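Heads up, the thing below is written out as structure tokens.
Taken together, the values in this text are just the output of simple stated rules run on the coordinates, not laboratory data. Predicted, not measured: the structure shown is a model, and the values here were computed from it. Note that each Cβ is placed from the backbone with ideal geometry, even for glycine, and that neighbours are counted across all protein chains shown.
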Amino acid sequence: MATKGTFSDKGAGADRMVGVQLTPSERDRLLLFTVAELARARRARGLLLNVPEATAIIADTVAEAARDGKRHDEALAAGQAVLGPDDVLPGVADVLYDVKVEAVFDDGTRLVVVPDPIGGGSLGDAAPGAIAVVADPDADPADDAERSARLDVVEVDVENTAPIPITVTSHFHFLEVNPRLSFDRAASYGRHLDIAAGASTTFEPGTTTRVRLVPIRGERVVIGFAGLVDGPLDAPGAQDRALELLRATGFLDTGAPGGDPEQAAARVRAHLVEHPEVQS
């Protein structure tokens, strides 16, 4: 539902009330800008920033860079450069390990993940909220194998053929991730990353990363994402239709019939050379 706002505009000797319709995303953007401006004012007064203030400034910087027509990598660089360890309270650089923001670029909305946005974190295990991992001397290697079998875990090798990092969140239907990620799409049908809810995995340009995937549980209905399924995952013919559609629309798929992984990656690289606009 859109939010209505009214503004007084004096003109021709009389007041006019102008109605403005704001979508939820536009309202969120204005809220982010407001918090960022408050944080900038406090920073100008010499105050050190807390986590919400630092997050707002970094996210707003990325969003404005995108609005200015910058590319994804340029907006990411702007977000990484706006603050340093001397701008924030002790411990903030340690706990703010990334900032995620959906920014509107000239070619559409994209998720930008700013890793280590402040840098200089030095508290380590003494940082607020740090988790100390202690090896269990009694751990049985067979336990992990048992868990993998119980959860029906599969592993796939994913190559990022794009010139920029690509980030995938925990519960994204992995079949439908960025078309420039090259891997066996059929093996990922109906699955998501085997990572903590709300976490994400970043694939760096030109690298290959092995990931673990687990089945989507519950009612197994997938809506949205890249629009390849938009319905029940287990409906008759749903997987075949999704694979046919993704291959027809240029998604990299090393598992395509008769497809060699290196040849598939080469075809996409050639496509990107012919269509550089898709790399924006």
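Stretching the chain fully between residue 26 and residue 89 yields a gain of 19.7 nm (0.36 nm per residue, less the alpha carbon separation).
In terms of its alpha-carbon gyration tensor, the stretch 158-265 comes out oblate; a/c meets the 1.5 threshold, while b/c is at least as large as a/b.
The H on the amide N of residue 88, modeled in the peptide plane, is under 5 Å from the matching H of 49, each at least 5 residues off or on a different chain.
Each of residue 64 and residue 202 was given a label point 7 Å from its Cα along the Cα-to-Cβ line. The distance between the two points is 2.2 nm. With the alpha-carbon atoms of the stretch 18-118 aligned to their principal axes, the span from lowest to highest coordinate is 42, 33, 19 Å, starting with the largest.
Return the loop-located trypsin sites (Lys or Arg not before Pro) in the stretch 180-239 (DSSP other than H, G, I, E, B) with at most 11 other Cβ atoms within 10 Å of their own Cβ; answer none if there are none.
Details: sites: 180, 185, 191, 210, 212, 217, 220; in loops: 180, 185, 217, 220.
Here the sparse-neighbourhood loop sites are 217.
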